[in-house]
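Asker: I have a structure I would like to understand better, so I am pasting it below and will then ask my questions one at a time.
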Amino acid sequence: MRKLFIGVYNPSIILTYVGMISAILGIGVLITQKTLGAIDPIGLAMIALIVSGVCDMFDGAVARRCKRTEQEKQFGIQLDSLADTISFVVFPASMLIFIANFGPVSLLIACFYAFAGIMRLGWFNITTETSGGVYSGLPVTFSSVIFPTFYLALSFFEVPRLDIIFQVLTAVVGVLFITNFKTKKIGIKKLCFLLIPAIIGIVALILLKK
């Protein structure tokens, strides 16, 4: 019997969808500049980016615990890469454009970052089967750690010209995406050690700014 809708619908891909939705909500906050009162939209976007990172961190472990056909497994792999494009490529690029007030330099850097991000994901897709847990270039998921951590530090110390700093940071991260150096896969515990303090710090920062 032919299915009404194409695709795979099972618990193995729930976290992938949640991470993607979090990124879209973050982009929406930036575009509309909705602040939910006096809350900084950039802070909310950073939290959304961290949530996407946490979901990406655990989606593989959840998927491996689910019973899947080979087709469902391959679908999940492709879906994860496409969701990463939204969460860790399009979302941070949009964030830069917002922070830098849609300036021409920020647009060029955002375009370069997006180019480097999809290049990194495409290369990962064709090399991951033989990489043995060692990858070439910086994984795009690291953007969920790097940008919130820098935002937290810069905001805490009230460093001026956040726009210029984030332009430089985004350009550097983009270069690291496509630079041919070896990166070992970081375990869940280590990523939690990086992400949890960041989200706690940003929440505290948002509450203090209210």
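No lab work stands behind these numbers, since they all come straight from the coordinates. Nothing here was measured: the structure is a model prediction, and the numbers come from that model. Because the Cβ atoms are built from the backbone with ideal geometry, glycine has one as well, and the counts that use them run over all protein chains shown.
Asker: Magnitude of the Cβ-charge dipole of segment 52-120, K/R +1 and D/E -1, about the Cα centre, nearest 20 debye?
Answerer: Approximately 180 debye in magnitude.
Asker: Still on this structure, please answer the following. First measure r as the distance between the Cβ atoms of I77 and E158, then evaluate 1/(1 + (r/R0)^6) with R0 = 41 Å and state the FRET efficiency to the nearest 0.05.
Answerer: That gives a FRET efficiency of 0.40.
Asker: State the answer as a single residue: which of I164, F102, T85 lies farthest towards the positive end of the charge dipole of segment 11-209, with beta carbon charges of +1 for Lys and Arg and -1 for Asp and Glu, about the Cα centre.
Answerer: Among I164, F102, T85, the one farthest towards the positive end of the dipole of segment 11-209 is T85.
Asker: Roughly how many nanometres apart are two label points built 7 Å out from the Cα toward the Cβ at M119 and I200?
Answerer: 3.8
Asker: Once both labels are modelled 7 Å past Cα along the beta-carbon direction, what's the T69-T127 spacing in nm?
Answerer: In this crude spin-label approximation the distance works out to 3.3 nm.
Asker: Then there's this: Points 7 angstrom from Cα along the Cβ direction at V134 and T179: gap in nanometres?
Answerer: Simple spin-label model gives 1.8 nm for this pair.
Asker: Next question, about the same structure. Report, in listed order, any pair from K73/K184; K67/K182; K3/K185 with a Cα-Cα distance greater than 30 Å.
Answerer: Flagged as over cut-off: K67/K182; K3/K185.
Asker: Which order do L4, L169 fall in if you start with the one that has the fewest other Cβ atoms within 10 Å?
Answerer: Lowest to highest Cβ neighbour count: L4, L169.
Asker: Another question about this same structure. Calculate how large, on average over all directions, the projected area of the Cα convex hull of the chain is; give the answer in nm² to one decimal.
Answerer: 13.2
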